[in-house]
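Following: one structure in structure tokens, then a few remarks.
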Amino acid sequence: MPTLIRLAKSRIDIYANDHLPPHFHIRAHDGNKAAVSIRDLRVIAGEVPKACLAEALKWAGTNRPLLLKAWKELNS
């Protein structure tokens, strides 16, 4: 489970051998987790505080190519 980035309020991970659709995981510092689709940045499971989600989605929005590359490397 590589951590791609540690943000102020959370971190973003991608798991190996994970299920479709391609997605990443947000782990908030308070322990809450959410999975987010890389394609449309929609939460597909879990819940994190709004500030964590906003921070992670902002980063993910400008780093989709990196997220997709990491997903493919770990899940091909």
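Scanning the stretch 1-26 for residues that are under 21 Å from residue 73 (Cα atoms) and outside any loop (DSSP other than H, G, I, E, B) turns up 3, 4, 5, 6, 11, 12, 13, 23, 24, 25, 26. Got at least one residue in the stretch 6-20 being among the polar types (S, T, N, Q) and buried (at least 20 other Cβ atoms within 10 Å of the Cβ)? Yes: one or more hits. Can residue 27 be described as out of contact with any helix residue (DSSP H, G or I) (no Cβ under 8 Å at 6 or more places or on another chain), free of Cβ contacts under 8 Å to residues at least 24 places away in the same chain and surrounded by fewer than 16 Cβ atoms within 10 Å (Cβ to Cβ)? So residue 27 fails the test. In the stretch 1-19, the residues that are under 17 Å from residue 30 (Cα atoms) and free of Cβ contacts under 8 Å to residues at least 24 places away in the same chain reach residues that are hydroxyl-bearing (Ser, Thr, Tyr) and surrounded by fewer than 16 Cβ atoms within 10 Å (Cβ to Cβ) with C-beta atoms within less than 7 angstrom, at least six apart or across chains, in these pairs: 11/3; 13/3.
Going by the conditions given, is residue 36 assigned to a loop (DSSP other than H, G, I, E, B) and buried (at least 19 other Cβ atoms within 10 Å of the Cβ)? First the steps, then the outcome.
Values: assigned to a loop (DSSP other than H, G, I, E, B): no; buried (at least 19 other Cβ atoms within 10 Å of the Cβ): yes.
Judged against the criteria, residue 36 is not a match.
Residues that are under 11 Å from the mean Cα position of the chain (by Cα) and surrounded by 13 or more Cβ atoms within 10 Å (Cβ to Cβ) were ranked within the stretch 39-51; the one that is farthest from residue 5 (Cα to Cα) is 43.
Since every read-out is calculated from the coordinates, none of them should be taken as a lab result. Note that the coordinates shown come from a computational prediction; the quantities given were computed from them, not determined experimentally. For neighbour counting, all protein chains shown are included, and Cβ atoms are generated from backbone atoms with ideal geometry for every residue, glycine included.
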